[in-house]
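Below is one structure, written out as structure tokens; comments come after it.
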């Protein structure tokens, strides 16, 4: 197992009588993109803000880059980059100025021009942040988290409310962070975002982790039953099987022998979306 | 120097914000021109009688200094806080005091600029003498006043819940004080009880100390008693600011 950048055991946090986070365990390794997935109100932002050092916790052990975020100081902050869920950039500063302002807070920042390139805002350097589109502002926000050259970036719902093309551009920027060797902790409530970007995923619902793994085998999707469906004589037939190869072989052999037409034949496994909805709704 | 780095960008933001520039820089100048025109060549019964313009130049500088410090600080900090920028800044290695120092530095730059502009306009347009000989006294009054009103402005942010409330709250506090303190209406037109009342709040003592130093109507140039009231308000503001200042927006 690679070096652990974030390690959380038994994390708990309540607001009054409401238990927002109920015993969460997490582990994130150096260089991976980790997606923390869940519906609104599941405890994602509470968890990520505890990891960022903004909120205290009621119980559990938390280590981020080897320190307790609740007690970590400026040295530690130099090594993390934060994109908050809601933050308006300074509207009167340009793209270049916004990045230069933040670069000044760090001992060895990345060159501003390089960051502008990385966030795909070349040609917009002298545009004021207030005049950028929502997607461009969010990418500048990511750039301001990146300019200090941190080891670890927190991105809290970076694409919520974006149109499809803005999301794709933001994904490209986030995928580029991995190529820079950064560890990324990403919260999202979009399944496809986690699938597209993450090496590993944990799903939180109602304050507890309900599933974790790679996007491919999350919720034991690989081993789950497959559904073979087709139409025979106008009748829709669905067969659930744990061994689709054998079942298909028998089915098609029979069809060839008897001359039956299997219209619209397909084999489906539950999509990640189905797994996610199943897990988060059963709570 | 990180403070200068921060101040440089705070200055850019200030001068690019049309509302801030209008109310802090243009508005005091417009008021000076209006008051000088409307009240014309009257004599105001203060310290043996002074020209209207001699009265209004220090009055408008008082207004401009309070506006550049208390008003500008409280409004800009509340807006940055509620839009999440203070919280975001706390997530960087920048020390908290750099942020506060940058904003205070911005206010002081603007306050000094307004002192120069209004004093120069008073001299050029109305022949109001610039009291070069009392520059040290003026500086003391300005330092005490600016420090006090900066502390009050920062303290006030804790009492302002949203960015929409920032301008109404600040104006509701300051506009009556300007009127009651003789900044807008010459004090010989105000009933005696009004000035007595206003003496308990910071604007009037600051105005009086500054007026004495600027116009030098006799007596000791430095009105320590008035400055003590201003400083006491500043100290109270500082305590409240240290105790109640928030970096995090409402509900987040």
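The values are calculated or read from the model by the stated rules, or taken from the named source; none is laboratory data. Being a predicted model, the structure only gives us computed values, none of them experimental. Note that we place each Cβ from the backbone using ideal geometry, even for glycine, and neighbour counts take in every protein chain shown.
Figures for the structure shown
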quantity	calculated
Number of the exception - residue A:144 against (1) touching a helix residue (DSSP H, G or I) at 6+ places or on another chain (Cβ under 8 Å); (2) at pLDDT 95 or above; (3) assigned to a helix (DSSP H, G or I); (4) more than 9 Å from chain B (Cβ to nearest Cβ)	(4)
Residue among B:46, B:50, B:66, B:29 that alone is under 23 Å from residue B:188 (Cβ atoms), away from every other protein chain (no Cβ under 14 Å) and modelled with pLDDT of 95 or more	B:66
Total residues in segment A:13-35, condition buried (at least 16 other Cβ atoms within 10 Å of the Cβ) and either in contact with a helix residue (DSSP H, G or I) (Cβ under 7 Å, 6 or more places away or on another chain) or part of a strand (DSSP E or B) (or both)	13
Given (1) within 22 Å of residue B:2 (Cα to Cα); (2) away from chain B (no Cβ under 12 Å), index of the condition residue A:82 fails	(2)
Residue match in segment B:102-116 (condition: in contact (Cβ under 8 Å) with a residue 12 or more places away in the chain, more than 15 Å from the chain's Cα centre (by Cα), within 14 Å of chain A (Cβ to nearest Cβ) and within 30 Å of residue B:1 (Cβ to Cβ))	yes
Candidate set from segment A:73-84 (those that are part of a loop (DSSP other than H, G, I, E, B) and buried (at least 17 other Cβ atoms within 10 Å of the Cβ)); member that is nearest to the chain's Cα centre (by Cα)	A:84
Enumeration of residues in segment A:51-72 that are more than 7 Å from chain B (Cβ to nearest Cβ), in a loop (DSSP other than H, G, I, E, B) and out of contact with any helix residue (DSSP H, G or I) (no Cβ under 9 Å at 6 or more places or on another chain)	A:58, A:68, A:71, A:72
Meets criteria (touching a residue at least 40 places away in the same chain (Cβ under 8 Å), outside any loop (DSSP other than H, G, I, E, B) and within 14 Å of another protein chain (Cβ to nearest Cβ)) for residue A:48	yes
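For (1) touching a residue at least 24 places away in the same chain (Cβ under 8 Å); (2) surrounded by 19 or more Cβ atoms within 10 Å (Cβ to Cβ); (3) over 30 Å from residue A:142 (Cα atoms); (4) within 15 Å of the chain's Cα centre (by Cα), each residue gets a yes or a no:
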{"residue": "B:67", "(1), (2), (3), (4)": "yes, yes, yes, yes"}
{"residue": "B:72", "(1), (2), (3), (4)": "yes, yes, no, yes"}
{"residue": "B:77", "(1), (2), (3), (4)": "yes, yes, no, no"}
{"residue": "B:94", "(1), (2), (3), (4)": "yes, yes, no, no"}
